[in-house]
Amino acid sequence: EAQVTQNPRYLITVTGKKLTVTCSQNMNHEYMSWYRQDPGLGLRQIYYSMNVEVTDKGDVPEGYKVSRKEKRNFPLILESPSPNQTSLYFCASSLYLGDGYGYTFGSGTRLTVV
Amino acid sequence: ILNVEQSPQSLHVQEGDSTNFTCSFPSSNFYALHWYRWETAKSPEALFVMTLNGDEKKKGRISATLNTKEGYSYLYIKGSQPEDSATYLCASLIYNQGGKLIFGQGTELSVKP
């Protein structure tokens with residue numbers, strides 16, 4: 001089944017403890033992106049990647065890192081999480097940007113930083 | 001940050017009613033407009049991707065139109081059903097914004113039986 005897989009679905013962590021949210025797609029998509037969803041603010045883009053080893057900042061990149069060493073994986077890294085990073089996170093992918101099919105989204109990761 | 005605006009924020013209709021909502025986006029350097037359907041506790045699912053001015057797309061009882069010159073798109077639902085209850089998101093892809101797909105805040109639709 002074609003899908004974007006995010007893990008974990010839920011995570012509670014403490015301030016400052018490094019964490020990684022994984023994202024993997026099995027559709028050979030070139031484009032991948034991370035978003036966070038906060039009440040009243042809509043989906044805001046954190047980072048995106050046009051292809052392997054090509055990443056760029058979205059609108060809210062502070063406090064996050066990403067890497068794209070292979071096509072299928074696009075992990076989101078929080079080196080030192082803070083409570084303002086408590087949010088619902090989505091990974092999404094598409095064949096290429098503007099491919100006419102839209103994004104395929106992962107199931108989401110609900111992160112709480114205490 | 002370029003803004004994509006959706007209205008209304010929420011909508012409550014009766015089963016069988018037809019409804020529509022609006023997405024406004026920057027018209028300059030337009031590349032594409034996406035519509036997504038987002039049910040509670042699930043992830044957003046793509047409905048339409050539209051690129052041409054005057055484009056109209058349809059999927060079952062849901063259709064969308066696009067005006068790139070004035071920067072708006074309408075989503076229509078004919079004969080709403082309770083299973084149409086969801087948040088409908090639009091997102092704009094702009095040429096000079098690199099890989100940024102900018103989302104609106106969504107219209108939350110509730111259809112009562």
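Computed from the coordinates by the stated procedures, all read-outs in this text should not be read as laboratory data. Remember, predicted model here, so these are calculated numbers, not experimental data. Cβ coordinates were reconstructed from backbone atoms using ideal geometry, including for glycine residues, and neighbour counts include every protein chain displayed.
Side notes on the structure shown:
- The order of the peptides A:9-17, B:76-84 by mean Cβ neighbours within 10 Å, most packed first, is B:76-84, A:9-17.
- The alpha carbon centroids of region A:33-67 and region A:84-114 are separated by 9 Å.
- Peptide B:41-49 has a mean shielding of 5, counted as Cβ atoms of other protein chains within 10 Å of each residue's Cβ.
- Debye log10 I(q)/I(0) for the protein assembly as shown, one point scatterer per Cα, at q = 0.09 Å⁻¹: -0.36
- Derived scalar couplings between HN and Hα for region B:11-18 equal 8, 10, 10, 8, 3, x, 5, 9 Hz in order, rounded to whole Hz, by the Karplus curve 6.51 cos²θ - 1.76 cosθ + 1.60 (θ = phi - 60°), x for Gly and Pro.
- Averaged over B:29-37, number of beta-carbon atoms from partner chains that fall within 10 Å: 2
- Projecting the Cα atoms of B:Thr68, B:Pro44, B:Gln14 onto the charge dipole of chain B (Cβ charges, centred on the Cα centre) puts B:Thr68 farthest toward the positive pole.
- Taken over chain B, the convex hull of the Cα atoms encloses 92 Å³ per residue.
- Residue by residue, region A:50-55 carries 3J(HN,Hα) couplings of 7, 5, 4, 6, 10, 10 Hz when phi is fed to the Karplus relation 6.51 cos²θ - 1.76 cosθ + 1.60 (θ = phi - 60°); x denotes Gly or Pro.
- What the Cβ-Cβ distance of A:Leu11 and B:Glu45 gives, at R0 = 25 Å and to the nearest 0.05, is a FRET efficiency of 0.55.
- Placing unit charges on each Cβ (+1 for Lys and Arg, -1 for Asp and Glu) gives region A:27-106 a dipole about its Cα centre, and among A:Val60, A:Asn73, A:Phe90 the Cα reaching farthest toward its positive end belongs to A:Asn73.
- Partner shielding of B:101-107 amounts to 5, given as the average count of beta-carbon atoms from other chains within 10 Å of each residue beta-carbon.
- Cα-centre dipole for region A:1-102 with unit charges at Cβ (Lys and Arg positive, Asp and Glu negative), debye to 20: 320 debye
- Taking the C-alpha atoms of chain A, convex hull volume expressed per residue in Å³: 94 Å³
- Set A:Lys57/B:Lys59; A:Lys65/B:Lys42; B:Lys69/B:Lys100 screened for pairs whose C-alpha atoms are more than 22 Å apart: A:Lys57/B:Lys59; A:Lys65/B:Lys42
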